[in-house]
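The values are calculated or read from the model by the stated rules, or taken from the named source; none is laboratory data. Here the structure is a predicted model, which is why all the values come from computation and not from measurement. Ideal geometry is used to build each Cβ from the backbone, glycine not excepted, and the neighbour counts take in all protein chains shown.
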């Protein structure tokens, strides 16, 4: 419909985690999700900054399909919220962010999953 070819941009992908073991990743992710970005290490702060920079570089209307934490990065930056998880977007919900004056602006928050469950976190 838009006459464009989709591309994969790792900058808006999954949050990097230590190790490959799914059980270890799940526990690590739970711990990270309960924190603020300002309390995390430089590697994760750098990843967050790269997500924001990738979005800020977009010069035209763009559809991004991304992951839970990356979506929270954009929303947190747009709203000034330092929490790693500032909302629980429902799977396939649509959050609209605008780039204005070199910053992110939240236009519409996606549908929030009010029945979120830490046990159902996908890794």
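So, residue 18, is that one without any contact (Cβ under 8 Å) to a residue 60 or more places away in the chain and farther than 23 Å from residue 78 by Cβ or not? Please lay out each step first, then the result.
Working: without any contact (Cβ under 8 Å) to a residue 60 or more places away in the chain: yes; farther than 23 Å from residue 78 by Cβ: yes.
So residue 18 passes the test.
Mind listing whichever residues of region 1-21 are in a helix (DSSP H, G or I) and either at pLDDT 90 or above or surrounded by 10 or more Cβ atoms within 10 Å (Cβ to Cβ) (or both)?
First pass over region 1-21, keeping only residues in a helix (DSSP H, G or I): 10-12.
Those that are in a helix (DSSP H, G or I) and either at pLDDT 90 or above or surrounded by 10 or more Cβ atoms within 10 Å (Cβ to Cβ) (or both): 11, 12.
Considering every residue within region 82-95, establish whether at least one is more than 24 Å from residue 17 (Cβ to Cβ), modelled with pLDDT of 95 or more, part of a loop (DSSP other than H, G, I, E, B) and out of contact with any helix residue (DSSP H, G or I) (no Cβ under 9 Å at 6 or more places or on another chain). Give the derivation first.
From region 82-95, those more than 24 Å from residue 17 (Cβ to Cβ) are 94; that's our starting set.
With the extra rule that they be modelled with pLDDT of 95 or more, the set shrinks to 94.
Next cut, part of a loop (DSSP other than H, G, I, E, B) only: 94.
Of the ones still in play, those that are also out of contact with any helix residue (DSSP H, G or I) (no Cβ under 9 Å at 6 or more places or on another chain) are 94.
Yes, region 82-95 contains at least one residue that is more than 24 Å from residue 17 (Cβ to Cβ), modelled with pLDDT of 95 or more, part of a loop (DSSP other than H, G, I, E, B) and out of contact with any helix residue (DSSP H, G or I) (no Cβ under 9 Å at 6 or more places or on another chain).
Test each condition in (1) surrounded by 16 or more Cβ atoms within 10 Å (Cβ to Cβ); (2) closer than 24 Å to residue 105 by Cα for residue 56 and report the one that comes out false.
Going through (1) surrounded by 16 or more Cβ atoms within 10 Å (Cβ to Cβ); (2) closer than 24 Å to residue 105 by Cα one by one, residue 56 breaks only (1).
Got at least one residue in region 55-74 being outside any loop (DSSP other than H, G, I, E, B), out of contact with any helix residue (DSSP H, G or I) (no Cβ under 9 Å at 6 or more places or on another chain) and farther than 20 Å from residue 6 by Cα?
No - not one qualifying residue is present in region 55-74.
What do you reckon, is residue 43 more than 13 Å from the chain's Cα centre (by Cα) and in contact (Cβ under 8 Å) with a residue 24 or more places away in the chain?
On the way: more than 13 Å from the chain's Cα centre (by Cα): yes; in contact (Cβ under 8 Å) with a residue 24 or more places away in the chain: yes.
Yes, satisfied.
Matching residues to (1) free of Cβ contacts under 8 Å to residues at least 12 places away in the same chain; (2) surrounded by 15 or more Cβ atoms within 10 Å (Cβ to Cβ); (3) touching a strand residue (DSSP E or B) at 6+ places or on another chain (Cβ under 7 Å):
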residue	(1), (2), (3)
60	yes, no, no
66	no, yes, no
71	no, yes, yes
78	no, yes, yes
91	no, no, no
95	no, yes, yes
99	no, yes, no
